[in-house]
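The values are calculated or read from the model by the stated rules, or taken from the named source; none is laboratory data. These numbers come from a predicted model, not from an experiment. Please note: Cβ atoms are built from the backbone with ideal geometry, for glycine as well, and neighbour counts cover all protein chains shown.
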Amino acid sequence: MRHLMSPLDFTVEELDRLFDLANDIERNPEKYAHACDGRILATCFYEPSTRTRLSFESAMTRLGGQVIGFSDAASSSASKGESVSDTIRIISCYADICAMRHPKEGAPMVAAEKSSIPVINAGDGGHQHPTQTLTDLLTIRSLRGTLGGFTIGLCGDLKFGRTVHSLIHALARYRDIRFLFISPEELRVPDYITDLLKKKGIPYEEVIRLEDVIADLDLLYMTRVQKERFFNEEDYVRLKDFYILDMAKLSLAREDMLVLHPLPRVNEISVEVDADPRAAYFKQAQYGVYVRMALILTLLGLA
Amino acid sequence: MLNVGKIEEGFVLDHIKAGKSLELYEHLQLDKLDCTVAIIKNARSNKMGKKDILKVECDIDRLNLDVLAFIDHSITVNVIKNGEIVEKKALVLPKQITNVIKCHNPRCITSIEQELPHIFYLADPEKEVYRCKYCEEKYK
């Protein structure tokens with residue numbers, strides 16, 4: 001039985017099969033409308049994350065399956081002090097597959113060790129959020145036709161953003177990718193990631209201003225720069241506009257560049273950008289459902 | 001100079017960094033063994049200046065070499081039979097250690113679920129980096 005804890009759990013070949021399946025679901029949704037008839041997904045969310053939970057629920061429902069679960073720890077037996085190990089043993093009796101979100105890092109792995117059904121890590125604290133990374137990869141592959149042979153700019157908070165770290169790790173397995181890290185000094189990508197890129201001979205550059213490099217990019221992955229990450233108000237005020245994508249900056253970019261964002265967006269992408277054909281972040285949410293559908297089918301052995 | 005006699009059957013852990021022998025004694029759980037144990041601190045050493053030595057009169061199989069290797073893989077393990085050294089065991093860094101060290105990451109699931117074992121795996125053999133199996137936090 002397989003679980004999904006980290007985006008690197010699947011080999012590149014396995015991911016290709018998963019993405020092929022997701023694209024087939026996209027083209028022929030009716031073919032899969034009853035693929036999970038009689039199956040149950042448990043969404044065990046120990047902290048609220050409406051978007052991720054609804055994406056999983058939508059995925060299972062579109063496959064013809066049913067969903068049970070809880071959406072925060074207060075409404076679960078965790079509030080009575082039940083351990084994750086015990087909860088998953090019970091959930092294993094009720095459902096065929098489980099998506100778990102937990103504020104503590106490693107909780108889904110504890111569940112996977114004790115579970116008799118596949119467990120999907122739906123986010124564990126600041127550690128991993130593999131289905132977001134799979135969503136990002138599927139979006140890039142679907143819209144560009146291939147994973148590799150591009151320059152990607154990652155912009156914003158590159159120090160604390162787990163989405164960005166996971167994506168870099170996942171992309172580092174593909175060929176011909178060049179990274180441009182666009183962030184303030186305080187929020188640069190951690191050393192262990194740049195060390196990994198150096199070791200693998202993958203080219204990267206670190207810059208401060210988006211305008212300086214936007215014309216070079218095939219892909220721009222935006223993240224939010226939070227005020228509380230700065231040491232002082234002055235720096236925040238000085239730098240925050242560097243990391244807001246508006247039409248003025250986008251006009252410097254290539255016509256075929258794609259803009260991605262894990263969402264929710266706050267103000268780092270101006271709403272005026274939404275109408276531009278390069279804005280791919282809402283399509284990304286759609287691919288998130290397809291990839292979760294493909295994942296459920298794969299882990300249930302129905303693919 | 002203090003003299004500690006030879007042992008007939010057991011093992012001698014030599015070249016322990018000076019002052020580290022009591023830590024080893026605890027980790028190897030030697031207090032639980034009903035046998036003769038000699039702890040020699042600050043012995044003179046040509047190689048190290050000062051060193052600690054542990055002499056334990058018991059079966060070698062009762063020694064957890066993984067724990068020993070994790071703490072210091074440069075320690076020499078001499079296996080003694082009939083009062084003679086019959087083997088010198090090389091220590092290799094264990095791939096995984098359980099309940100030897102604790103994860104101190106307050107965001108780790110092991111911080112709230114007491115019954116979970118603290119498992120660390122060898123993430124980087126070159127730099128000797130161990131990471132928690134659950135949260136992947138580096139052990140410092």
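Structural remarks
- Residue within the stretch B:63-76 that is in a strand (DSSP E or B) and in the same structural domain as B:K17 (by TED's automatic domain parsing) present: yes
- Within the stretch A:98-117, the set of residues being assigned to a strand (DSSP E or B) and within 12 Å of chain B (Cβ to nearest Cβ) comprises A:M100, A:H102, A:E105.
- Among the residues of this structure, B:L24 counts as one that is under 30 Å from B:E115 (Cβ atoms), in contact (Cβ under 8 Å) with a residue 40 or more places away in the chain and surrounded by 15 or more Cβ atoms within 10 Å (Cβ to Cβ).
- Of A:I68, A:I140, A:I120, all but one fail to be away from chain B (no Cβ under 14 Å), in contact with a Pro (Cβ under 9 Å, 6 or more places away or on another chain), under 20 Å from A:A294 (Cα atoms) and at pLDDT 95 or above; the exception is A:I120.
- Every residue from the stretch B:99-120 that is surrounded by 14 or more Cβ atoms within 10 Å (Cβ to Cβ), more than 10 Å from chain A (Cβ to nearest Cβ) and not hydrophobic (A, V, I, L, M, F, W, C): B:H118
- Criterion violated by B:D59 - all others in (1) within 14 Å of chain A (Cβ to nearest Cβ); (2) surrounded by fewer than 14 Cβ atoms within 10 Å (Cβ to Cβ) satisfied: (1)
- B:L91 being within 19 Å of the chain's Cα centre (by Cα) and either among the hydrophobic types (A, V, I, L, M, F, W, C) or more than 14 Å from chain A (Cβ to nearest Cβ) (or both): yes
- In the stretch A:26-60, of all residues being surrounded by fewer than 21 Cβ atoms within 10 Å (Cβ to Cβ) and among the hydrophobic types (A, V, I, L, M, F, W, C), the one that is farthest from A:I140 (Cα to Cα) corresponds to A:I40.
- In the stretch A:179-189 there is no residue matching the filter, namely being within 14 Å of another protein chain (Cβ to nearest Cβ) and more than 13 Å from the chain's Cα centre (by Cα).
- Of residues in the stretch B:123-134 being touching a residue at least 12 places away in the same chain (Cβ under 8 Å), crowded, with 16+ Cβ neighbours inside 10 Å and in contact with a Lys or Arg (Cβ under 9 Å, 6 or more places away or on another chain), the one farthest from the other protein chains (Cβ to nearest Cβ): B:Y130
- Within the stretch A:246-272, restricting attention to residues that are under 19 Å from A:D136 (Cα atoms) and modelled with pLDDT of 95 or more, the residue that is nearest to the chain's Cα centre (by Cα) is A:H261.
- Flag for B:F70 being within 14 Å of another protein chain (Cβ to nearest Cβ), of a type in the set (F, W, Y) and closer than 30 Å to A:V110 by Cβ: no
- Selection within the stretch A:78-95: residues that are within 14 Å of chain B (Cβ to nearest Cβ) and of a type in the set (S, T, Y). The member of this set that is surrounded by the most Cβ atoms within 10 Å (Cβ to Cβ) is A:T87.
- Conditions (1) at pLDDT 95 or above; (2) in contact with an Asp or Glu (Cβ under 6 Å, 6 or more places away or on another chain); (3) on the phi > 0 side of the Ramachandran plot; number of the one not met by A:A107: (3)
- Here the stretch A:129-180 is the region considered, the condition is being aromatic (F, W, Y) and in contact with a Lys or Arg (Cβ under 7 Å, 6 or more places away or on another chain), and the residue that is surrounded by the fewest Cβ atoms within 10 Å (Cβ to Cβ) is A:F160.
- Selection over the stretch A:123-137 of residues that are among the small types (G, A, S) and either touching a residue at least 60 places away in the same chain (Cβ under 8 Å) or away from chain B (no Cβ under 14 Å) (or both) gives a count of 1.
- Single residue of A:T194, A:T133, A:T223 found to be closer than 22 Å to A:F19 by Cα and of a type in the set (S, T, Y): A:T133
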